[in-house]
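Asks: Here it is: the structure, laid out below.
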Amino acid sequence: MTKRKIKRRTFILGLGGFILASKIKNLYKPSQAANYANRDFAVVGNSPLRDRFATKGLLYGAAVSHRSLSSDLPFANRVAAECAILVPESELKWKALRPTPDRFSFAASDWLVNFARSQGLLMRGHTLVWHEALPKWFATKVDSRNAEQLLQQHIATVVGRYAGKIHSWDVVNEAVHPDDGRTDGLRQWPWLQFLGPDYIETAFRAAHEADPQAMLAYNDHHLEYDTKDQEARRTAVLKLLERLKSRGTPIHALGIQAHLRGDADRFNAKKLKTFMRDVASLGLKIMITEMDVTDQKLPKNIDTRDRIVAGSYEDYLNVALEEPAVIAVLTWGLSDRYTWLESQKPRKDRAPVRPLPLDAKLKRKLAWNAIARAADSALKQ
Ligand code: XIL
């Protein structure tokens, strides 16, 4: 073989190895199924999640959409039975509220706020500042001259409209992104570009002014696993919260999204516990705001899959509910009938995904048991 051929062969072998290694890294490890195979997910009694959480001084709830709630009565009934608090999945995002730069469209969010009130449920607001779900016009119409006024006006109008009716607002969502390379770990995006890092504080102050009663939260994701990336995110989020608190910003809580992966093997109870303690020591409450467990890479067998999903819920919530600063747990949907993961994290085998407490027929699954068990074993607050 010529030198050149050998080089090429080594290169191809190396590339093959690299591809294989990254595939293996993403493969589900059977040890996780073994972990949960013998777990007893038994639950005492029949009472709904809202009651089990309420007994401990906690709130349980779910994200809902105008479309599902208004068109599916059996589903709406299950929501009202299991939940004490709701959050609109998309209806309060800029894309939904701002069809044009000078118009607001509140029909769907008004409907949801009224639904919650008519059922005696609390309502969260999600979200005033986020780099996703922006209307198309945002890219061309916002610049450094009008950014501040636009942000202030948006928050004053939206928060003002529902003042007194919202339990808590996710004022800013996912503003931390250490990959962007800034020393403060903040995401590089238009609001930061136009207003500097203080846009976060500005948003909180505007929200507080528009509804002094609402609890104001900073909400973020990827905060639980023991990886380099998530460690950097935890550090940056803590730094941001410390800074906001030290400047007297009206911020009251951290929202931890908790979109979990059933195939993850990097859950580290100790890291999560320490992080929550650190947040609590700043005088902040904590809400688990968007919990679900993707089964995208789990085995097809439904019992195996449901056990791993349930085990992931239980392991996580056992840690979270030990922290006295945690006041609420919301799942990102209630039933597998309506979940963003169907399109976001579909399975290769096309089997319907099963990430939520109720199945697509609205029946309680092991994930429901897991959440109920975590609440039942939590200490009273
Ligand atoms: C998701 C919704 O569930 C989807 O329907 C929509 O298409 C995209 O947004 N983190 C968040 C939520 O803070 O707003 C996202 O909601 C899910 C991830």
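The values are calculated or read from the model by the stated rules, or taken from the named source; none is laboratory data. It should be emphasised that the depicted structure is a prediction, and the values quoted were computed from it without experimental measurement. Note: ideal-geometry Cβ built from the backbone for every residue, glycine included; neighbour counts use all protein chains shown.
Asks: Could you tell me whether residue 138 is of a type in the set (A, V, I, L, M, F, W, C), free of Cβ contacts under 8 Å to residues at least 60 places away in the same chain and farther than 30 Å from residue 325 by Cβ?
Replies: So residue 138 fits the description; yes.
Asks: Being over 21 Å from residue 175 (Cα atoms), more than 14 Å from the ligand (Cβ to nearest atom), free of Cβ contacts under 8 Å to residues at least 12 places away in the same chain and surrounded by fewer than 22 Cβ atoms within 10 Å (Cβ to Cβ) is the requirement here; does residue 274 meet it?
Replies: Spelling it out, residue 274 is indeed over 21 Å from residue 175 (Cα atoms), more than 14 Å from the ligand (Cβ to nearest atom), free of Cβ contacts under 8 Å to residues at least 12 places away in the same chain and surrounded by fewer than 22 Cβ atoms within 10 Å (Cβ to Cβ).
Asks: Quick one: in the range 244-253, which of the residues that are over 21 Å from residue 326 (Cβ atoms) and touching a residue at least 40 places away in the same chain (Cβ under 8 Å) is surrounded by the most Cβ atoms within 10 Å (Cβ to Cβ)?
Replies: Per the stated criteria, the residue is 249.
Asks: Do you know which residues across the range 174-216 are without any contact (Cβ under 8 Å) to a residue 60 or more places away in the chain, buried (at least 17 other Cβ atoms within 10 Å of the Cβ) and closer than 30 Å to residue 120 by Cβ?
Replies: Those that are without any contact (Cβ under 8 Å) to a residue 60 or more places away in the chain, buried (at least 17 other Cβ atoms within 10 Å of the Cβ) and closer than 30 Å to residue 120 by Cβ: 204, 206, 208, 210, 211, 216.
Asks: Which one of these is acidic (Asp, Glu) and outside any helix (DSSP H, G or I): 179, 184?
Replies: Criteria check complete, one pass: 184.
Asks: Here is a follow-up. Taking residue 91, is it within 16 Å of the ligand (Cβ to nearest atom), modelled with pLDDT of 95 or more, of a type in the set (Asp, Glu) and buried (at least 18 other Cβ atoms within 10 Å of the Cβ)?
Replies: yes
Asks: Given the criteria hydrophobic (A, V, I, L, M, F, W, C), surrounded by fewer than 16 Cβ atoms within 10 Å (Cβ to Cβ) and free of Cβ contacts under 8 Å to residues at least 12 places away in the same chain, does residue 133 qualify?
Replies: no
Asks: Farther than 24 Å from residue 35 by Cα, out of contact with any helix residue (DSSP H, G or I) (no Cβ under 6 Å at 6 or more places or on another chain) and modelled with pLDDT of 95 or more: is that true of residue 277 in this structure?
Replies: Considered against the rule, which asks whether it is farther than 24 Å from residue 35 by Cα, out of contact with any helix residue (DSSP H, G or I) (no Cβ under 6 Å at 6 or more places or on another chain) and modelled with pLDDT of 95 or more, residue 277 comes out as yes.
Asks: For a quick check of your reading of the model, give me the residue pairs whose first member lies in the range 80-99 and is without any contact (Cβ under 8 Å) to a residue 60 or more places away in the chain, whose second is outside any helix (DSSP H, G or I) and near the ligand (Cβ under 9 Å from one of its atoms), with beta-carbon atoms closer than 6 Å and at least 6 apart or on different chains.
Replies: Between residues of the range 80-99 that are without any contact (Cβ under 8 Å) to a residue 60 or more places away in the chain and residues that are outside any helix (DSSP H, G or I) and near the ligand (Cβ under 9 Å from one of its atoms), the close pairs are 93/133; 95/133; 96/90.
Asks: Select, from 156, 163, the only residue that is of a type in the set (Gly, Ala, Ser), in a helix (DSSP H, G or I) and at negative phi.
Replies: 156
Asks: Quick test for you: out of 237, 293, pick the one residue that is within 16 Å of the ligand (Cβ to nearest atom), in contact (Cβ under 8 Å) with a residue 40 or more places away in the chain and in contact with an Asp or Glu (Cβ under 8 Å, 6 or more places away or on another chain).
Replies: Testing whether each residue is within 16 Å of the ligand (Cβ to nearest atom), in contact (Cβ under 8 Å) with a residue 40 or more places away in the chain and in contact with an Asp or Glu (Cβ under 8 Å, 6 or more places away or on another chain) leaves just 237.
Asks: Looking at 307, 373, 347 in this structure, which one is assigned to a loop (DSSP other than H, G, I, E, B) and surrounded by 18 or more Cβ atoms within 10 Å (Cβ to Cβ)?
Replies: None of the others qualify; the one that does is 347.
Asks: Here's another thing I want to ask about it. Identify the single condition in (1) assigned to a helix (DSSP H, G or I); (2) closer than 27 Å to residue 92 by Cα that residue 242 does not satisfy, given that it satisfies every other one.
Replies: (2)
Asks: Restricting the search to the range 217-234, which residues are surrounded by fewer than 17 Cβ atoms within 10 Å (Cβ to Cβ), in contact (Cβ under 8 Å) with a residue 40 or more places away in the chain and not in a helix (DSSP H, G or I)?
Replies: 226
Asks: Mind listing whichever residues of the range 65-94 are part of a loop (DSSP other than H, G, I, E, B) and within 16 Å of residue 363 (Cβ to Cβ)?
Replies: 72
Asks: Are any of the residues in the range 320-333 in a loop (DSSP other than H, G, I, E, B) and within 16 Å of the ligand (Cβ to nearest atom)?
Replies: Yes, the range 320-333 contains a residue that is in a loop (DSSP other than H, G, I, E, B) and within 16 Å of the ligand (Cβ to nearest atom).
Asks: Run residue 282 past the list (1) away from the ligand (no atom under 16 Å from the Cβ); (2) closer than 25 Å to residue 42 by Cβ; (3) touching a residue at least 40 places away in the same chain (Cβ under 8 Å) and report the number of the one that doesn't hold.
Replies: Condition (2) is where residue 282 drops out.
Asks: Would a scan of the range 254-266 turn up a residue that is outside any strand (DSSP E or B), touching a strand residue (DSSP E or B) at 6+ places or on another chain (Cβ under 6 Å), of a type in the set (A, V, I, L, M, F, W, C) and buried (at least 22 other Cβ atoms within 10 Å of the Cβ)?
Replies: Yes; the residues of the range 254-266 include at least one that is outside any strand (DSSP E or B), touching a strand residue (DSSP E or B) at 6+ places or on another chain (Cβ under 6 Å), of a type in the set (A, V, I, L, M, F, W, C) and buried (at least 22 other Cβ atoms within 10 Å of the Cβ).
Asks: Is there a residue being hydrophobic (A, V, I, L, M, F, W, C), away from the ligand (no atom under 15 Å from the Cβ), at pLDDT 95 or above and closer than 28 Å to residue 186 by Cβ anywhere in the range 118-138?
Replies: yes
Asks: Also, I was wondering about something else. Of 76, 62, 33, 96, which residue is at negative phi, at pLDDT below 95, aliphatic (A, V, I, L, M) and touching a helix residue (DSSP H, G or I) at 6+ places or on another chain (Cβ under 7 Å)?
Replies: None of the others qualify; the one that does is 33.
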